[in-house]
1. Give the number of residues within segment 76-99 that are within 18 Å of the chain's Cα centre (by Cα) and either part of a helix (DSSP H, G or I) or not hydrophobic (A, V, I, L, M, F, W, C) (or both).
2. For segment 186-201, does any single residue satisfy the condition of being in contact (Cβ under 8 Å) with a residue 12 or more places away in the chain, of a type outside the set (A, V, I, L, M), surrounded by fewer than 21 Cβ atoms within 10 Å (Cβ to Cβ) and farther than 19 Å from S234 by Cα?
3. Report yes if G162 is under 20 Å from I211 (Cβ atoms), of a type outside the set (A, V, I, L, M, F, W, C) and open to solvent by less than 40 Å² (accessible area, probe 1.4 Å), otherwise no.
4. Within segment 78-93, take every residue that is at pLDDT 95 or above and open to solvent by 40 Å² or more (accessible area, probe 1.4 Å) and give me the one that is farthest from A67 (Cα to Cα).
5. Are there any pairs with C-beta distances below 8 angstrom linking a residue in segment 47-61 that is under 16 Å from L85 (Cβ atoms) to a residue that is of a type in the set (A, V, I, L, M) and not in a helix (DSSP H, G or I), with the two at least 6 apart or on different chains, and if so which?
6. Does K150 satisfy the criteria of being surrounded by fewer than 18 Cβ atoms within 10 Å (Cβ to Cβ) and among the basic types (K, R)?
7. Please work out if K140 is open to solvent by 60 Å² or more (accessible area, probe 1.4 Å) and under 23 Å from P57 (Cα atoms).
8. Conditions first: (1) open to solvent by 70 Å² or more (accessible area, probe 1.4 Å); (2) in contact (Cβ under 8 Å) with a residue 40 or more places away in the chain; (3) not basic (K, R). G247 passes all but one, so which condition is the exception?
Amino acid sequence: MRAKYLILIMTFLSLQPLMAQNYHYIDSLNKVLKTSEGIERADIYLKIAWEYRKSHPDSTIYFADKAADLAIQLGDNSRIVTKSLNFKGVAYQYLGDNVKSFELYNKAMDQALLNNDSVQYAHSLNSLGRNYMNQGDLIKAYDYYFRSLKIFEAFDDMEGLGYSYKSLAELYQTQENYVKALEMSEKTLKIRLANDNIHGQISILMEIAYIHRTLNNFEKAFDFYLQAKIKAESIDDQINIANTNLGISE
């Protein structure tokens, strides 16, 4: 029964990001790409790669490779290459190839250590934690999540902290520890609200609503679904409007 429940939780958590895609932002990045040069162009490739991870991970791999190739041509093969490896690891994880993603995350860690890039090293740790969680090794997942969290805290990296809290929230849900899951999700929401990350806000609002629903806090669940719906309507995100309507109806 517990195994079945774990599968249901993980299915819910994995479906949401796969269903939403910020195509408006991707279009704007492609416009900037036409006039960008040098390392700026490599950075744009990476931004496009990251946006495609949800629905088109193959495109993430393609653009991450273009970013790394360009950076190497320009003689700057540190930060860009490390991020490229991490992004490709995420893409292969979305494709269900945990072995390949594990290999890429470890390569990214080696590259980060070589270039004293603590933040990308922490991102690799966090991603490896997700890899272990997907395989059901929760002890290793905890270890990697908290190691990455400490680094992000040391560098006051808010984006990284948001990812760490989100990862921990999902892990706590698999153990039915909804109080801690809610605590981590609320921390994630606070960071995303400060960064004006609308799509990220919608995602975490829906997760908080789901946790409240599981705890039978239906009024709170309704409130968070409604907040998510309002934000989705503000950017005409039809997919998440449908998702929030589904959550409210259930």
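1. 16
2. Within segment 186-201, one or more residues are in contact (Cβ under 8 Å) with a residue 12 or more places away in the chain, of a type outside the set (A, V, I, L, M), surrounded by fewer than 21 Cβ atoms within 10 Å (Cβ to Cβ) and farther than 19 Å from S234 by Cα.
3. Criteria met by G162.
4. Among those residues, the one meeting the criterion is Y92.
5. Once the first residue is under 16 Å from L85 (Cβ atoms) and sits in segment 47-61, its partners that are of a type in the set (A, V, I, L, M) and not in a helix (DSSP H, G or I) give P57/L95.
6. In short, yes.
7. No: the conditions fail for K140.
8. Result: G247 fails condition (1) only.
The values are calculated or read from the model by the stated rules, or taken from the named source; none is laboratory data. Source: prediction; values computed, not measured. As a convention, Cβ positions derive from the backbone with ideal geometry for all residues, glycine included, and neighbour counts pool all protein chains shown. With ligands, DNA and RNA removed, areas are computed over all heavy atoms of the protein, side chains included. Shrake-Rupley method; radii C 1.70, N 1.55, O 1.52, S 1.80 Å.
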